[in-house]
Amino acid sequence: MMLEQYNQDLTLTPEEDAAFGRLARERRARHRLRTYLLLPAGRAVTMWFTPRIELLPLSGTVFPLVQSWEDDPIDQSVTASLFLLNVLYLGLAVWGGVRLWQRAPVARGAIALLATFVLLRTAFLTTLETPEPRYVLVCFPVLVALGAQVFAQPEAADQPSTGSG
């Protein structure tokens with residue numbers, strides 16, 4: 001009923017705005033877990049795992065896999081590959097952060113600072129009504145820096161000595 005009234009002239013009267021506000025308050029009261037946990041978590045997943053393809057002639061739709069593949073297999077292949085690249089970046093960052101945490105206790109403060117930055121930025125962005133994947137791009141240098149730790153060789157002082165002395 002409310003949407004029908006709105007769709008007739010595409011303007012929002014104060015009465016319609018108040019009615020939508022009441023509906024939102026009722027839903028929020030009934031489903032607090034969904035409102036304060038599940039929706040923000042879904043927004044975070046969408047922001048982090050959606051391929052950043054705004055300038056490419058691709059749909060950016062990863063799921064549903066079968067439907068997207070039937071519609072355009074080439075588009076789906078590229079989009080799914082970029083999705084998996086996002087998964088790889090995040091996985092390497094977590095792995096590298098854990099590895100550095102274990103190897104270099106002196107770096108724990110820096111790791112905690114970087115992780116706090118990424119988590120706070122993500123948490124803030126999930127409060128926006130229309131978060132976009134590009135908003136987390138500023139966090140990718142952190143992912144690259146931590147991910148590089150997976151490939152870093154331990155320092156000589158950390159390795160057991162094999163020579164005779």
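The values are calculated or read from the model by the stated rules, or taken from the named source; none is laboratory data. Since this is a predicted model, take the numbers as computed values, not measurements. A quick note on method: Cβ atoms are made from the backbone with ideal geometry, for glycine too, and the neighbour counts reach across all protein chains shown. Heads up: the accessible areas ignore ligands, DNA and RNA and are worked out on the full protein's heavy atoms, side chains in. Shrake-Rupley method; radii C 1.70, N 1.55, O 1.52, S 1.80 Å.
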**Request:** Could you identify the single residue in 39, 33, 92, 85 that is closer than 16 Å to residue 122 by Cα, within 23 Å of the chain's Cα centre (by Cα), at pLDDT 85 or above and open to solvent by 30 Å² or more (accessible area, probe 1.4 Å)?
**Result:** 39
**Prompt:** Among the numbered criteria (1) more than 30 Å from residue 90 (Cβ to Cβ); (2) surrounded by fewer than 11 Cβ atoms within 10 Å (Cβ to Cβ), which single criterion is violated by residue 6?
**Reply:** (2)
**Prompt:** Considering the range 98-137 alone, what residues qualify as being over 23 Å from residue 43 (Cβ atoms), open to solvent by less than 50 Å² (accessible area, probe 1.4 Å) and either touching a helix residue (DSSP H, G or I) at 6+ places or on another chain (Cβ under 7 Å) or part of a helix (DSSP H, G or I) (or both)?
**Reply:** 100, 107, 111, 112
